[in-house]
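Beneath this line is the structure, given in structure tokens, with notes to follow.
The values are calculated or read from the model by the stated rules, or taken from the named source; none is laboratory data. Quick caveat, the model's predicted, so the values are computed rather than measured. Positions of Cβ are backbone-derived with ideal geometry, glycine not excepted, and every protein chain shown enters the neighbour counts. When the accessible area is computed, the model is the full protein with side chains, heavy atoms only, and any ligands, DNA or RNA have been set aside. Shrake-Rupley method; radii C 1.70, N 1.55, O 1.52, S 1.80 Å.
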Amino acid sequence: MAVNAVKAHLVTLKAHRNRLARTTMREMFAGDPKRFSRFSIAWNRLVFDYSKHRLDARAFDALLDVAKTAGIKARREAMFSGRIINETEGRAVLHTALRAPSDDHIEVDGHDVMDDIARVRRAMTRFANAVRNGKYEVTGGAVSDVVNIGIGGSDLGPAMATLALAPWHDGPKTHFVSNVDAADLAEVFKVIRPETTLFIVASKTFTTQETMRNAQTARDWLQRKLKRSDVGAHFAALSTNLEATRKFGIADERTFGFWDWVGGRYSVWSAISLSVMIAIGPKRFGEFLDGAREADSHFRTADYGANSPVIMALLGIWYRNVWGFETHAVLPYDNRLARFPAYLQQLEMESNGKRVMMDGRAVPMDTGAIVWGEPGTNGQHAFYQLIHQGTSVIPCDFLVAAQSNDHLPEHHELLLANCLAQSEALMLGKTLAEVKAELAQSGFTEKEIKRLAPHKVFEGNRPSTTLLYERLDPKMLGTLIALYEHKVFVQGVIWGINSFDQWGVELGKALARDLIPLVEGSTKAMAKDSSTAGLLAAYRKMSSR
Ligand code: F6P
């Protein structure tokens, strides 16, 4: 089994780690003027720089050996060709078909899915155009506001992409409601007019508790404000569950389907992004898909040593399984990518936060890293202290555009300088000797230097990848997301886990269902443990005050 081969490689990789622990990136850069060109890939308006890592050619080759023995090629082709690789749910994994060339033939169970995809895309395009040009009318005429109600993959993808592509918005205003906390919906109610709002209920299953609650509350709100018979036109649905969308009262002509082979966190390419298409228009949405398709072809054709998502995955393995670093920061120096870290949290952590392999045995190594992050430069004034001087080493991804979408060049130059400075500082650090010399030059006394110097030392040698792209446009966004999708895929193969199920979210959902009658007080049943029982009792007391 591939994972045994991976385990054997880990022994070799640990020897490389021990060897490299005796040197620093600073020394490696000094000793090799070609280090950047050796460890970077320029491809499609994008530079992927992985030179600031604890790597040399020998360790990199050893990492590539992991990729070669893990069975990536076979599994990759199984995914792209529609085989059932999500074994625990008995499903194909075909988000890549959603952005494949329209003349491709991709079959699931002997059925060509490309016609289905084209049919739904045409329906989405017609509807999005009609909403955008005002031909689709609701009670008060043209739609002024679109509210996407969904959660997880039915929210994070479209919400992230809508913000990222704000410069291309020329449709109605878009809002996103995900949390069952009434605050989420209440804030949106404050800024929309019922007469001109379209609610899009986005839910693959159309059973998700939070989404259904929010959708029902939105419908009640409209029913209070409008004529009951007019409310239907204010709803559209994105789902695989036609029976449930009909039961909710959403007409089939405003229901845009997808299929069980599109995982929730991989659904941004599907009907789930109707709100994005309405915001930026079908043409730009097509460019978004084109960008992803280019990443697919890079992933399928480039040698592992020149394959960005494969290298991203291997670096993750290197730090998680060989160096024991637990978290991974995603730091976009691109304010409109503010939701990208949250999007990647679901993509990476729901996909690879698994403890058993496909055959049910425990994975003999650590899996999915903890992904987190915030845009720069804001993060610099918040948590970077720990990244620079804390006791944990946190590999980082810096993302930055060469061209800004806004016409304030002084801002962009400052942003870029900060981004480059951070990865440089993490790599170089500052030695005790350098700190002492600096303090002496500033006129500090010997005694003060001794006291202050240790606090000002930066260990350095802290790893980061930089993704420098020409400009954040629909196509580039598609490329970036798809690169991370394939990174997650490769890691899943190496760990021998199923990256496409999410059983880990089920227990909490079931317990919440059981607890509803206890919270409502409609049962005399007891909570399963004394902590929950105690908290419920305290809740009853406090809520009745
Ligand atoms: O609870 C996890 C999850 O199933 C995610 O995987 C999914 O993206 C989200 O819930 C929303 O599910 P749905 O689209 O079916 O409402």
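Computed about its Cα centre, the charge dipole of the range 94-286 is approximately 740 debye, with only Lys, Arg, Asp and Glu carrying charge at their Cβ. Using a Förster distance of 25 Å, how high is the FRET efficiency between Asp260 and Val505, based on the Cβ-Cβ distance and rounded to 0.05? E(calc), rounded to 0.05, equals 0.90. Using only side-chain charges placed at the Cβ, +1 for Lys and Arg and -1 for Asp and Glu, the dipole size of the range 504-543 relative to its Cα centre rounds to 140 debye. Each Lys and Arg Cβ is given +1 and each Asp and Glu Cβ -1; about its Cα centre, the chain then shows a dipole of about 960 debye.
Near Gly504, once Lys and Arg are set to +1 and Asp and Glu to -1 for all other residues with Cβ below 10 Å from its Cβ, the sum equals -1. Residues in the range 454-460 carry Karplus couplings, in order, of x, 6, 9, 7, 10, 4, x Hz; the curve used is 6.51 cos²θ - 1.76 cosθ + 1.60 with θ = phi - 60°, and Gly or Pro positions show x.
Taking packing as the residue-averaged number of other Cβ atoms within 10 angstrom, the listed peptides 442-451, 237-246 run from highest to lowest as 237-246, 442-451. From helices alone, the chain scores -14500 deg cm²/dmol at 222 nm; the rule is -39500 (n - 2.57) for each run of n ≥ 4 DSSP H residues, then divide by the residue total. Each residue of the range 373-390 is assigned a 3J(HN,Hα), and the resulting list reads x, 8, x, x, 8, 3, x, 4, 9, 10, 10, 5, 3, 5, 5, 7, 10, x Hz, derived from the Karplus form 6.51 cos²θ - 1.76 cosθ + 1.60 (θ = phi - 60°), x at Gly and Pro. Just report the Cα centroid separation between the range 142-157 and the range 25-83, whole Å. Using only Cα atoms to place each centre, the spacing works out to 37 Å.
In the range 94-286, taking the dipole from charged Cβ atoms about the Cα centre, the farthest positive-side position among Thr196, His95, Ala244 is held by Thr196. The range 300-352 and the range 456-498 have Cα centres lying 4 Å from one another. The angle separating the long axis of helix 530-543 from the principal Cα axis of greatest extent in the chain is about 60 degrees. Taking the square roots of five times each eigenvalue of the Cα gyration tensor of the chain, the equivalent ellipsoid has semi-axes of 42, 28, 26 Å, listed largest first. The tail of the calculated P(r) for the range 504-543 beyond 14 Å holds 47 percent of all Cα-Cα pairs. Sorting 476-485, 395-404 by average packing, meaning the other beta carbons within 10 Å per residue, from highest down gives 476-485, 395-404. Once the Cα atoms are used to define both axes, helix 2-20 deviates from the longest principal axis of the chain by about 40 degrees. Sparse packing (at most 13 other Cβ atoms within 10 Å of the Cβ) combined with a DSSP loop state is found for the following trypsin sites (Lys or Arg not before Pro) in the range 348-381: Arg355, Arg361. The accessible area of Ile516, taken with all protein chains in place and a 1.4 Å probe, comes to roughly 70 Å².
Report the local net charge at Val143: Lys and Arg +1, Asp and Glu -1, summed over other residues whose C-beta lies under 13 Å from its C-beta. Here the count lands on +2.
The 3J(HN,Hα) values that the Karplus relation (6.51, -1.76, 1.60; θ = phi - 60°) gives for the range 325-334 are, in residue order, 7, 8, 10, 9, 9, 10, 10, x, 8, 7 Hz. Gly and Pro appear as x. Please list, in chain and number order, the residues 5+ apart from Ala402 or on another chain whose amide H is under 5 Å from its amide H, with Hs placed from the backbone. Hits under the 5 Å cutoff: Tyr469, Glu470, Arg471.
Taking the average, over residues, of other Cβ atoms within 10 Å as the packing measure, peptides 47-56, 88-97, 526-535 rank 47-56, 88-97, 526-535 from highest down.
Of the three principal axes defined by the Cα atoms of the range 57-175, the extents in descending order read 63, 39, 28 Å. Remark: relative contact order (the chain) = 19 percent; criterion is Cα-Cα distance under 8 angstrom and separation of 6 or more residues. Tell me, rounded to the nearest percent, the portion of alpha carbon pairs in the range 94-286 spaced more than 23 Å apart. When all Cα pairs of the range 94-286 are counted, 38 percent exceed 23 Å. Within the shell of other residues whose beta carbon sits under 9 angstrom from the beta carbon of Phe206, the net charge comes to +1, with Lys and Arg scored +1 and Asp and Glu -1. Note on the range 188-308: the C-alpha convex hull projects to 9.5 nm² when averaged across all orientations. Rolling a 1.4 Å probe over the protein heavy atoms leaves Asp230 with an accessible area of roughly 50 Å².
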